[in-house]
1. Answer yes or no as to whether D37 is on the phi < 0 side of the Ramachandran plot, open to solvent by 30 Å² or more (accessible area, probe 1.4 Å), touching a Pro at 6+ places or on another chain (Cβ under 7 Å) and not small (G, A, S).
2. Can you confirm whether A31 is modelled with pLDDT of 95 or more, under 15 Å from the mean Cα position of the chain (by Cα) and over 30 Å from A203 (Cα atoms)?
3. Would a scan of segment 176-192 turn up a residue that is open to solvent by less than 70 Å² (accessible area, probe 1.4 Å) and farther than 25 Å from A45 by Cα?
4. If you check A221 against the conditions, is it among the hydrophobic types (A, V, I, L, M, F, W, C), in contact with a helix residue (DSSP H, G or I) (Cβ under 7 Å, 6 or more places away or on another chain), more than 23 Å from C26 (Cβ to Cβ) and surrounded by 15 or more Cβ atoms within 10 Å (Cβ to Cβ)?
5. So if I check each of R236, R243, which one is surrounded by fewer than 12 Cβ atoms within 10 Å (Cβ to Cβ) and without any contact (Cβ under 8 Å) to a residue 12 or more places away in the chain?
6. Taking segment 193-216 as the search range and keeping residues that are touching a residue at least 12 places away in the same chain (Cβ under 8 Å) and of a type in the set (S, T, N, Q), which one is least open to solvent (accessible area, probe 1.4 Å)?
7. Just for helices (runs of 4 or more DSSP H) wholly inside segment 47-157: which have at least 1 residues that are crowded, with 18+ Cβ neighbours inside 10 Å and free of Cβ contacts under 8 Å to residues at least 40 places away in the same chain?
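The values are calculated or read from the model by the stated rules, or taken from the named source; none is laboratory data. In this text the structure is predicted, and so the values were computed from the model without any measurement. Because the Cβ atoms are built from the backbone with ideal geometry, glycine has one as well, and the counts that use them run over all protein chains shown. Calculation scope for accessible area: heavy atoms of the full protein, side chains included, ligands and nucleic acids excluded. Shrake-Rupley method; radii C 1.70, N 1.55, O 1.52, S 1.80 Å.
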Amino acid sequence: MGNQQAIRTNSMSLDEWQARVDLAACYRLIAHFGMDDLIYTHISARVPGPEEHFLLNPFGLLYEEVTASNLVKVDLNGNIIDHGEDEINPAGFIIHSCVHEARPDIACVIHTHTVAGVGVAAQSEGLLPLSQTALLYTGLIGYHEYEGLALNPEEQTRLLADLGSEKQILFLRNHGLLTCGRSIPEAFIMMYYIEQACRMQIAAQAGNNVHLPSKDVQDLAHAQAMTGLGAPIGSREFAALKRRLDRLGADYAR
């Protein structure tokens, strides 16, 4: 703890350090649940404060290597504020910077390329309301057409149009999943359950006709989920999973 405290007090606010610890934990949890893709895909978090900076992973690190102190802080123009020798994934900047700029309500953005996520994103009907899990955040889901590797700044306008002002989840057609949370725990739990819903859909479609609940029940399940069952969405789960990381000896908080 002594080294962690020194890193935090000498160079940044307590709020930024906490955001770094939670974001590093989020990287480890995405890897823990098999949602990472070698050194690709990315998770960002807004740095608390008026500067409109956000944090990304250094390009080239596995998710299991990301720590609170090696995250890279950048501004909305792509300028690296610290860790000047580190690089960031240019596709990560294209996707994440526009969301953070256009949606001040969003604190964290997660992007994945999982087999199940891409499998459902490539289906013309997208995510079907065939499981309780698929209904949790159904009112917050949009779709964005594939335009090749996310290296074209002009795509940002179209991505933001598909996200809109209220959606928090995008199925990136033929590409993957994107979740946006008002907190790091919220973005994580939305990604966890959307990924689970995609796996359930692929399993249910294995040669079977699927049964869908009524529209009234679909709407009810979504409304129930959005209450958070008495706590901010994802907060209980994220805290429990950080305890799991700690028991496993993960060094994310250094």
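1. no
2. Against the criterion (modelled with pLDDT of 95 or more, under 15 Å from the mean Cα position of the chain (by Cα) and over 30 Å from A203 (Cα atoms)), A31 does not qualify.
3. Checked segment 176-192: no residue is open to solvent by less than 70 Å² (accessible area, probe 1.4 Å) and farther than 25 Å from A45 by Cα.
4. Yes: the conditions hold for A221.
5. None of the other options fit; the residue is R243.
6. Ranking the qualifying residues of segment 193-216, first place goes to Q201.
7. Of the helices (runs of 4 or more DSSP H) lying wholly inside segment 47-157, those with at least 1 residues that are crowded, with 18+ Cβ neighbours inside 10 Å and free of Cβ contacts under 8 Å to residues at least 40 places away in the same chain span 90-102.
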